[in-house]
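This report refers to the structure that appears directly beneath it.
Each value in this text was obtained by applying a stated rule to the coordinates, not by laboratory testing. Here the structure is a predicted model, which is why all the values come from computation and not from measurement.
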Amino acid sequence: MSSDCIFCKIAAGKIGGPPVYQDEAITAFKDINPQAPVHILLIPNKHISSMNEATAEDEALLGQLMRTAAQIARNEGLGSGYRLVANTGPDGGQSVFHIHLHLLGGRRMAWPPG
Ligand code: AMP
């Protein structure tokens, strides 16, 4: 845990409401500024700043993050599709430096993204 990381605090239950999903490795919670009818963030409970800092040791964890997102999408009734996004670095639009996957759904997504 990084003491100044807002997502570490959410994973530890120190701030935020009840998680959408949580297990020993992953926490999922609603985005505070939703960009779609369903907008959930999934994070590893372990602090990793961005995809650039992930190591081979994190591969299973990142796979688990993706599969958990698919399970949550099913639970949310997103059978007709959804989008998973991992903004990485300043040019990628990353504003919180703890790896997170955006799960967006409930409306038709446009491409290319902004
Ligand atoms: P990114 O810009 O990809 O780093 O995404 C960070 C996301 O975190 C944004 O969509 C924010 O709305 C969201 N966010 C920031 N602080 C909180 C918070 N305390 N609880 C829930 N979502 C948050």
_Could you work out the relative contact order of the range 6-105? I mean the mean sequence separation of Cα pairs under 8 Å and 6+ apart, divided by the number of residues, in percent._
32 percent
*Dividing the alpha-carbon radius of gyration of the chain by 2.2 N^0.38 Å (N being the number of residues), what value is obtained?*
1.02
*When the chain is modelled as a GNM with alpha-carbon springs shorter than 10 Å, which of LYS46, LYS14, LYS30 fluctuates the most?*
LYS14
*Acute angle (nearest 10 degrees) that the helix 59-75 long axis makes with the longest principal axis of the chain, alpha-carbon atoms*: 40 degrees
